[in-house]
Amino acid sequence: MLEQAGKISQQCNDWGMPLIVMAYPRGPEIKNSYDPDAIAHCARASAEIGADIVKCSYTGDIDSFKEVCKGALAPVVIAGGPKMESDMDILNMVHDSIEAGGHGVSIGRNVFQNKNVMGITKAISSIVLDGFSVEEAAKFL
């Protein structure tokens, strides 16, 4: 996958296109795909092969995600992950990722499958773009 991403990176560079690399740990030696060290390694490798933006899983806490962001050498956005139990879980994850140094989100199912797509979108956007707290953002729900 790294070899293919490296080739695509070169093509993007030649064409003047930004490259987003989805950096997810995979393979038989990976016991936990949310392992902070594995995510940090994937994020750094993605940047080193030319990613302009790295998309990865949130590690579950601010301190470990700070390390991912610090080592990535490119802006990091989080994936939405599996369907979450509550809107507040989503907002807390988004807030904590931004607090840790993340630059944004790339969330699918937790928005599109939400009972209030417009509200959750506004709430997430307010955290990412306007620096709202979780409590302030929850008012959109």
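The values are calculated or read from the model by the stated rules, or taken from the named source; none is laboratory data. In this text, all values refer to a predicted model and were calculated from it rather than measured experimentally. Neighbour counts are summed over all protein chains in view; Cβ atoms, including those assigned to glycine, are modelled from backbone coordinates with ideal geometry.
Listed values, structure above:
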| read-out | value |
| --- | --- |
| Filter result (closer than 25 Å to Asn114 by Cα and of a type outside the set (Asp, Glu)) within segment 63-88 | Val76, Val77, Ile78, Ala79, Gly80, Gly81, Pro82, Lys83, Met84, Ser86, Met88 |
| Any chance Lys55 is modelled with pLDDT of 90 or more, touching a Gly at 6+ places or on another chain (Cβ under 7 Å) and within 30 Å of Gly119 (Cα to Cα) | no |
| Filter result for Ile8 (part of a loop (DSSP other than H, G, I, E, B), β-branched (Val, Ile, Thr) and either out of contact with any Cys (no Cβ under 8 Å at 6 or more places or on another chain) or surrounded by 14 or more Cβ atoms within 10 Å (Cβ to Cβ) (or both)) | no |
| Residue match in segment 90-104 (condition: within 19 Å of Lys55 (Cβ to Cβ), within 14 Å of the chain's Cα centre (by Cα) and modelled with pLDDT under 95) | no |
| Residues within segment 29-75 that are touching a Lys or Arg at 6+ places or on another chain (Cβ under 8 Å) and surrounded by 17 or more Cβ atoms within 10 Å (Cβ to Cβ), tallied | 1 |
| Hits in segment 112-137 (condition: crowded, with 16+ Cβ neighbours inside 10 Å and among the aliphatic types (A, V, I, L, M)) | Ile120, Ala123, Ile124, Ile127, Val128, Val134, Ala137 |
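Okay, residues lined up against (1) assigned by TED's automatic domain parsing to the domain that holds Asn110; (2) touching a strand residue (DSSP E or B) at 6+ places or on another chain (Cβ under 7 Å); (3) without any contact (Cβ under 8 Å) to a residue 40 or more places away in the chain; (4) of a type in the set (A, V, I, L, M):
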site: Val21; (1), (2), (3), (4): no, yes, yes, yes
site: Ser33; (1), (2), (3), (4): no, no, yes, no
site: Ala38; (1), (2), (3), (4): no, no, yes, yes
site: Ile49; (1), (2), (3), (4): no, no, no, yes
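Residue-by-condition table, conditions (1) in a loop (DSSP other than H, G, I, E, B); (2) aliphatic (A, V, I, L, M):
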| residue | (1), (2) |
| --- | --- |
| Ala40 | no, yes |
| Phe65 | no, no |
| Cys69 | no, no |
| Val77 | no, yes |
| Glu85 | yes, no |
| Val94 | no, yes |
| Asn114 | yes, no |
| Ala138 | no, yes |
